[in-house]
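Take a look at the structure set out below.
The values are calculated or read from the model by the stated rules, or taken from the named source; none is laboratory data. What you are looking at is a predicted structure, and each value in this text was computed from that prediction instead of being measured. Cβ placement follows ideal geometry from the backbone for every residue including glycine, while neighbour counts extend to all protein chains displayed. These accessible areas exclude ligands, DNA and RNA; they are computed on the full protein's heavy atoms, side chains included. Shrake-Rupley method; radii C 1.70, N 1.55, O 1.52, S 1.80 Å.
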Amino acid sequence: MKRSFAVFTAALLAAATLSLGACELTLPDAPTSDGPAPEAVTLSVYAPDGAPALALANFIEDKGAAARSADPQPTHTFTYDIHVVDANQIVSFVTGEAPKADFCILPLNAASLQLGTGEAYKMAGTVTNGNLYFITTGENPALTEENLDTLVGKKLGVVQLPNVPGLTLRATLKDHDIPFQVIESAQAQADAAKVNLVPFAPDNVTPTGGCDYYLVPEPAASAKIKGTASTAKPFKAAGDLQAIYGEGGYPQAVLVVKNSVVEQYADAVDEVGIALSRSEDYLKNAEPAKLIDLLASKRTEGLTPSFNANNLTKEVVAHCSVRYTPAKDCKAAVLAFLQKLMEVDATSAKVPADKFFL
């Protein structure tokens, strides 16, 4: 009797164990929480019309989607309010008591002068790397690093001579130990032992303007060549200042980001950096007409566009040297370029603090 009871009890325990095991296999997964919905944040991005604005074309087209965080549960979702504005006004968006720009592309020397302390903004990277080209007429040779001294005794008309174009040219001549002077006009007496630099307004650059060579930014350089092609004395391409400067060009325009954005929205800083890093490849394949439309959709109303159907070509896009380099990879080049500018004009730039670099 005891043995029968023991067998019966064992059978009950085995059945119970099997039953529990079966229950464990069929239990639904424990409920999980998706957490709070991500916070929607809108951030402003400003760029001057021209070459720097081209860097935002792919970002405008996909509305930042291609650079979105891969985090399955992001804490924020970002929308970017992009503005293409007058180049002469760009500094106003990063200065004052409450600057409007969360992100801004602006000339490096202006960034160093206005933001170099790192107190309000940090430099995230370089965006463009120079868009200055020589043009000439007749039998004058194209200029290279090897024959740059061809300019000695010549008159060289320079668009924006007092600003970064002229400063970069003078720094490059200085690097090559080529003497130069500034003369007031193409009619002034040239020094046969120096390069004679003449300030020129873009509209006054003509084949009969009185200079042997001109240094002109894109898209004006290509427009001048195209516009004089059927004349008796046409312009022709005569050299690339970026190639002569070396190092793949010089750090022309940079992306800065407001410190509060760096502190609160690191994912957004990453997203914008990713978008800009894809600009170079995007622009190689983009049709100029599409780029014109994309920029027009973000340009300040009433602003005369830098690019239009008559002056924007794939060659011009390539000449705008859009290539994004993060600050950690270009800090040395930035400091070296600023130093060169200051050696030409001490008031043209400042050495930024270490904390200016992201």
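Could you work out the percent of alpha carbon pairs in region 116-173 separated by over 15 Å, rounded to a whole number? Mind dumping the intermediate values first?
Values: 1053 of 1653 pairs.
Of all Cα-Cα pairs in region 116-173, 64 percent lie more than 15 Å apart.
Please report, in debye to the nearest 20, how large the charge dipole of the chain is about its Cα centre when each Lys and Arg carries +1 at its beta carbon and each Asp and Glu carries -1 there. Here the chain has a charge dipole of around 260 debye.
If you count, for each residue, the other Cβ atoms within 10 Å and average over each peptide, how do 226-237, 75-86 line up from highest to lowest?
Numbers: 226-237: 13.8, 75-86: 17.6.
Ranked from most to least packed, the peptides come out as 75-86, 226-237.
Please compute, over every Cα-Cα pair in region 203-358, the percentage with a separation greater than 25 angstrom. The proportion of pairs with Cα distances above 25 Å equals 48 percent.
Compute the signed sum of charges (Lys and Arg +1, Asp and Glu -1) over the other residues within less than 13 Å, Cβ to Cβ, of LYS233.
Working: positive: LYS224, LYS236; negative: GLU139, ASP212.
The answer is 0.
How long is the gain from ALA142 to ASP191 if the chain were fully straight, where each residue apart is worth 0.36 nm and the alpha carbon distance is subtracted? Mind dumping the intermediate values first?
On the way: separation 49, 0.36 × 49 = 17.64 nm, distance 2.14 nm.
Answer, rounded to one decimal: 15.5 nm.
Provide the gained length on full extension for the span ASP329 to ASP270, in nm with one decimal, where the gain is 0.36 nm per separating residue minus the Cα-Cα distance. Walk me through the numbers on the way to the answer.
Working: separation 59, 0.36 × 59 = 21.24 nm, distance 1.53 nm.
Contour length minus the Cα-Cα distance gives 19.7 nm.
When a 1.4 Å probe is rolled over the protein heavy atoms, the share of accessible surface on the chain that falls to carbon and sulfur comes to 55 percent.
Divide, for region 137-253, the radius of gyration over alpha carbons by 2.2 N^0.38 Å, where N is the residue count.
It is 1.00.
Placing +1 on the Cβ of each Lys and Arg and -1 on the Cβ of each Asp and Glu in region 279-358, which of ALA296, LEU312, MET342 has its Cα farthest towards the positive end of the resulting dipole? In region 279-358, that residue is MET342. Of the peptides 272-279, 126-133, 103-110, the order by per-residue mean of other Cβ atoms within 10 Å, starting with the highest, comes out as 126-133, 103-110, 272-279. Only the Cβ atoms of Lys and Arg (+1) and of Asp and Glu (-1) were treated as charged; on that basis the dipole of region 184-256 about its Cα centre amounts to roughly 280 debye.
The slack in the chain from ASN259 to THR347, taken as 0.36 nm per residue of separation less the alpha-carbon distance, amounts to 29.1 nm. Taken per residue, the accessible surface of region 219-343 reaches 48 Å², heavy atoms only and a 1.4 Å probe. Counting only the Cα atoms, the chain fills a convex hull of 206 Å³ per residue. Taking the average, over residues, of other Cβ atoms within 10 Å as the packing measure, peptides 160-170, 183-193, 329-339, 344-354 rank 160-170, 329-339, 344-354, 183-193 from highest down. Taking 37 °C and 0.692 mPa s as conditions, region 64-211 diffuses translationally at an estimated 173 µm²/s according to Stokes-Einstein applied to its Kirkwood radius (Cα pairs). Ellipticity at 222 nm from helices only: DSSP H runs of n ≥ 4 in the chain, each -39500 (n - 2.57), divided by the residue count, give -10000 deg cm²/dmol. Taking Lys and Arg as +1 and Asp and Glu as -1, the other residues whose beta-carbon sits under 15 Å from that of ALA296 total -3. Placing +1 on the Cβ of every Lys and Arg and -1 on the Cβ of every Asp and Glu, with nothing else charged, gives region 189-321 a dipole about its Cα centre of roughly 540 debye. Within region 186-277, the percentage of alpha carbon pairs spaced more than 21 angstrom apart rounds to 56%. Under a Cβ-Cβ cut-off of 14 Å, what is the net charge of the residues other than ASN196 that fall near it, where Lys and Arg count +1 and Asp and Glu count -1? Summing Lys/Arg as +1 and Asp/Glu as -1 gives 0. Listed cross-link partners LYS155/LYS314; LYS63/LYS100; LYS122/LYS314; LYS224/LYS340; LYS226/LYS314; LYS174/LYS284 are compared with a 24 Å cut-off, the Cα-Cα value being larger for LYS155/LYS314; LYS122/LYS314; LYS224/LYS340; LYS174/LYS284.
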